[in-house]
Each structure stands twice: as structure tokens, then as C-alpha cells.
1. So the check is Cβ under 8 Å with 6+ separation or different chains; which pairs have a first residue in region 42-61 that's touching a residue at least 60 places away in the same chain (Cβ under 8 Å) and assigned to a loop (DSSP other than H, G, I, E, B) and a second one that's of a type in the set (G, A, S) and surrounded by 10 or more Cβ atoms within 10 Å (Cβ to Cβ)?
2. So, in region 1-17, exactly how many residues are touching a residue at least 60 places away in the same chain (Cβ under 8 Å) and surrounded by fewer than 15 Cβ atoms within 10 Å (Cβ to Cβ)?
3. Give me the pairs: first residue in region 135-148 and acidic (D, E), second residue surrounded by fewer than 24 Cβ atoms within 10 Å (Cβ to Cβ), beta-carbon distance under 6 Å, and six or more apart or on different chains, which are they?
4. Could you list, in sequence order, all residues of region 172-190 that are in a loop (DSSP other than H, G, I, E, B) and farther than 15 Å from E227 by Cβ?
5. So how many residues does region 193-232 have that are within 16 Å of the ligand (Cβ to nearest atom), in a loop (DSSP other than H, G, I, E, B) and either touching a Pro at 6+ places or on another chain (Cβ under 7 Å) or free of Cβ contacts under 8 Å to residues at least 60 places away in the same chain (or both)?
6. Show the residue pairs that are 6+ apart or on different chains and have beta-carbon atoms under 6 Å apart, the first residue being within region 243-267 and on the phi > 0 side of the Ramachandran plot, the second being among the charged types (D, E, K, R) and modelled with pLDDT of 95 or more.
7. Among residues belonging to region 70-108 that are buried (at least 17 other Cβ atoms within 10 Å of the Cβ) and β-branched (V, I, T), point out the one that is nearest to L120 (Cα to Cα).
8. Provide a single number: the residues in region 21-40 that are at pLDDT 95 or above and more than 16 Å from the ligand (Cβ to nearest atom).
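The values are calculated or read from the model by the stated rules, or taken from the named source; none is laboratory data. Worth saying up front: this structure is predicted, and the values here are computed from it rather than measured. A quick note on method: Cβ atoms are made from the backbone with ideal geometry, for glycine too, and the neighbour counts reach across all protein chains shown.
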Amino acid sequence: MKEYQIDVQLSSNLKEKPAFDQLSFGTVFTDHMFIMDYTEGMGWHDARIVPYQPISLDPSAIIFHYGQTVFEGLKAYNTKDNEILLFRPDENMKRLNRSNKRLVIPEIDEDFALYALKKLIAVDKDWVPSVEGTSLYVRPFIFATEPYLGVRPSAQYSFVIILSPVGAYYKEGINPVKIAVEGDFVRAVKGGTGNAKTAGNYAASLKAQHDAEKQGYSQVLWLDGRENKYIEEVGSMNVFFKIDGEVVTPELNGSILEGITRKSVIELLQYWNIPVVERKISIEELFAAHHEGKLEEAFGTGTAAVISPIGELSWNGEKITVNNLETGPLAKKIYDSLTGIQTGVAEDPFGWRVVV
Ligand code: COI
């Protein structure tokens, strides 16, 4: 392996750790962070691990005005033998570079980014929780730092990795969530940035999510931006439906995020010989399947959300309940298998785990 250089400046003021059995999502951060800068002509430079701290930027930095930024999300798990495991982190690094390309951000060296991430986690290893249902959420992100108000790609960037011990993403935990199908707004369109992990997609989703939350829903289910007809994703997760014995998930089309959990669930289902198809599925078809008694289960998949059963869907003034608002057997089987592989309690026939 190449020799990689990272300066390490350890914190002299370590924080008090939270109660690991009471973690929510994304509120607590560890003692250190990784940071590296990019300057046109020099490339990426000054890789360092420093105490977790605020970032100082010029008010005219391009990120603030034009949103040139990308991010990733992955998790580290503490095994019962006190080993720290990552789940398919190479896939996150590949996707980060795909997002970089779309946002005209210089690519990073994926091996180096993974090395940096492992080194940061090793420094903050005491922050990896081992309580069931918890993990250390890893958030790598890159943003444009050049002070300039013209619209063009920045000549300067920072790449930062922060770590956060987390519990369940939804307050429901692994119990079913209620989802409203969005009829007015769209999250992404073909040719847009829907399949890149970039802030603008999430900003575009806020209004609908805010309105849905007021009605008692956890999230919204997005339909395609052209015909407002085909199911896309939830925004914090991809979606799967079990219809008449077959598992269906919307096919990737450029506006749906290419979830790593989504890909892993498809591979697990194939491994178990459970029929799974990636295809277009319209919201009418889904509601019709429910009316015919064929919609057996619905669930979302994501790094933050893991496997999140969907218990209620509302669309066009109609509410349907899936599997009596209970977690279905398939969602449970996938949740147990996936988290078993991730946390080291089950075999990993796919070679998905990476030891820190
Ligand atoms: C993740 O699942 O890691 C995500 O990035 C979704 C996030 C918006 C919470």
C-alpha cells in the first residue's frame, strides 16, 4: 500500500461521552475530525486529524451561495470481541467520487479517504457504541471554500470527516413509520442531481417534509419529477414493496439515490432465492395491489434508517395500512441478517465487512 501522510493533533480536552443506551441520531460528535484541503494547481493537501472544532470560512465562499458540496454516510460497529467493523466503505468512497463528478468537485483518492477514515475512527475508538441498535455514524463531506460570487466551480475545497455515535434515525426505532406520498413538489428530475449525494436534493425536500410532519407523517415518498406517477424514494431511504410474493424496488433512473443498503438488500434477497425485481412501479399500481390484498410488506432501506418498515401510506386523500401497521417477516429477516453481518454476530458470506 502507498505511504499516506496524516498529521495528528490530539485534543487535550476530551469530551464527556453520552449515555450510549440513549442515543438519538446526529446530535453528539466525537473528539476529533479529519480535514484536508484542495487548491487548484496543488491538488489535495494538508491531511490532518484535529480536535473537533468549528470551521471558519469567508462569507463569500461558494458553498454558501451555490451549494457546491457532496456528502456520504456510513457506519462503524463495535463487535462483542471489541473489533470495529465498517460496512462496504469502498462503495461509499466510489459514490462520493460519482457525486464529485456531478458537482464538478475534484475527485479524491478513494484508498486514501478510506485510510483517513479508519485512522480517525481508531483515534476516537472509545466513541463506537456497542449497545444493540447503535453505531458510530461517519459523515464525510466536501464543500467549496473559494471566496467568489460568480457562478462556476470553486478552485478550493475542504474534505472533512466527522463522527457521531447514533441510535435509530426515526423516533419509531424499528417500528413501522407513516409516510405521505408527495403530490405537489418533486425532489429530483431526470438529468438533475437526484443520484448525487448533494445538499441541494435535501434542501429541495424540506418543504414537503415539513408539511407532512405537521400531518403526523415521518417522511414523504417522492414520485418522479416528469409524470408525478412512478415511485422514486423517500429521501432518507430507498423503498421496497413485497407484492404477491415478489419484492419490487424502483429501478435506478438517474434521479434515485443509489443506496448501498438498497444494493445489499437486493443481493441478500437474490442469495436467499427470494424473487426481487428493479422496475418502474407507479403509485396507482401500489395502491391497486393493496386493494387486491397483494401488498404484503413495504419498507425503506438506508444507512441511517437501516431497514424501516412502512406501516401507513397516504396518497390523494386515501390512507392505506400495510401489514396491520406491524413489522413484516421479510423486513425483520432482512434487518436481522443485515445488522448481524454489520455487527459481526453473523457470517459474512459476501465479504462486506472491513475491519478498522
Ligand atoms: C444516510 O442514510 O446515511 C443518509 O445519508 C441519509 C441522511 C440524509 C440521513
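1. Y52/S11; I55/S158
2. Initial filter on region 1-17 (touching a residue at least 60 places away in the same chain (Cβ under 8 Å)): 1-2, 4, 6, 8, 10, 17.
From what is left, the residues that are surrounded by fewer than 15 Cβ atoms within 10 Å (Cβ to Cβ) are 1-2, 4, 8, 10, 17.
Here the count works out to 6.
3. Correct list of pairs: E146/S154; E146/A155; E146/Q156.
4. From region 172-190, those in a loop (DSSP other than H, G, I, E, B) are 172-176, 182-190; that's our starting set.
Selection gives E172, G173, I174, N175, P176.
5. Adding up the residues that qualify gives 3.
6. Correct list of pairs: D244/K294.
7. I84
8. The qualifying residues number 11.
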